[in-house]
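This structure is in structure tokens; I'll ask about it shortly.
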Amino acid sequence: MRVNVDPEPGPDRGAFQIGPERYRMEPGVTEYVMLARLTAGERRETRPVFLFCGQRAITNQAATRYLARNHERLARKHGSNSFVLLLKVINSQAYGPDVVELVGDVTKAAQTPLPAPAARGSHRAD
């Protein structure tokens, strides 16, 4: 999984790359957020940490609300295991953080390292 943190404006600014798929935001129309439950260790009493990583602040709020509404279902499905979900926030300009859909469980892709990006050519003379 990779997040484009390039400060320069462009269509890939803030985009998520998960495996071969790229998720670009259209501010106010379509934005994405990752919701992850992370645990360390194997003990049952280990407390999880929830991570929200969104393309805009409103997407983090949307992920928080999604977790609050769906925590029981997520606990039944995943138990005490870690997971990473990709959520899509629909038309935040009109609906704020209230309209969210699950794009998918991307746990496996998130835990698989991406290949190193292609090296940019050097202009240095040898």
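Do you know which residues across region 37-87 are of a type in the set (A, V, I, L, M), in a strand (DSSP E or B) and buried (at least 20 other Cβ atoms within 10 Å of the Cβ)? Talk me through it step by step, then tell me what you get.
At the first step, the residues of region 37-87 found to be of a type in the set (A, V, I, L, M) are 38, 40, 49, 51, 57-58, 62-63, 67-68, 74-75, 84-87.
Adding the requirement that they be in a strand (DSSP E or B) leaves 38, 49, 51, 84-87.
Correct list: VAL84, LEU85, LEU86, LEU87.
Here is a follow-up. Does any residue of region 6-15 turn out to be under 12 Å from the mean Cα position of the chain (by Cα) and in contact (Cβ under 8 Å) with a residue 12 or more places away in the chain?
Going residue by residue through region 6-15, those that are under 12 Å from the mean Cα position of the chain (by Cα) are 14-15.
Going one step further and asking which of them are in contact (Cβ under 8 Å) with a residue 12 or more places away in the chain, we end up with 14-15.
Yes, that holds for at least one residue.
For region 29-47, check the following and say yes or no: at least one residue is more than 25 Å from PRO113 (Cβ to Cβ) and not charged (D, E, K, R). Explain how you work it out, then say what you get.
Here is the first cut: in region 29-47, the ones more than 25 Å from PRO113 (Cβ to Cβ) are 29-31, 43-45, 47.
Next cut, not charged (D, E, K, R) only: 29-30.
Yes, that holds for at least one residue.
Suppose the filter is modelled with pLDDT of 90 or more, within 14 Å of the chain's Cα centre (by Cα) and β-branched (Val, Ile, Thr); does VAL106 pass it? Outline the logic, then answer.
On the way: modelled with pLDDT of 90 or more: yes; within 14 Å of the chain's Cα centre (by Cα): yes; β-branched (Val, Ile, Thr): yes.
Yes.
Consider only pairs whose beta carbons are under 6 Å apart and that are at least six residues apart or on different chains; among these, list those whose first residue lies in region 76-103 and is more than 12 Å from ILE58 (Cβ to Cβ) and touching a residue at least 40 places away in the same chain (Cβ under 8 Å) and whose second residue is of a type in the set (Lys, Arg) and part of a strand (DSSP E or B).
So the pair list comes out as SER82/ARG37; PHE83/ARG37; VAL103/LYS88.
The values are calculated or read from the model by the stated rules, or taken from the named source; none is laboratory data. Given the structure is predicted, the values throughout are model-derived calculations rather than measurements. Neighbour counts run over all protein chains shown; Cβ positions are idealised from the backbone, glycine included.
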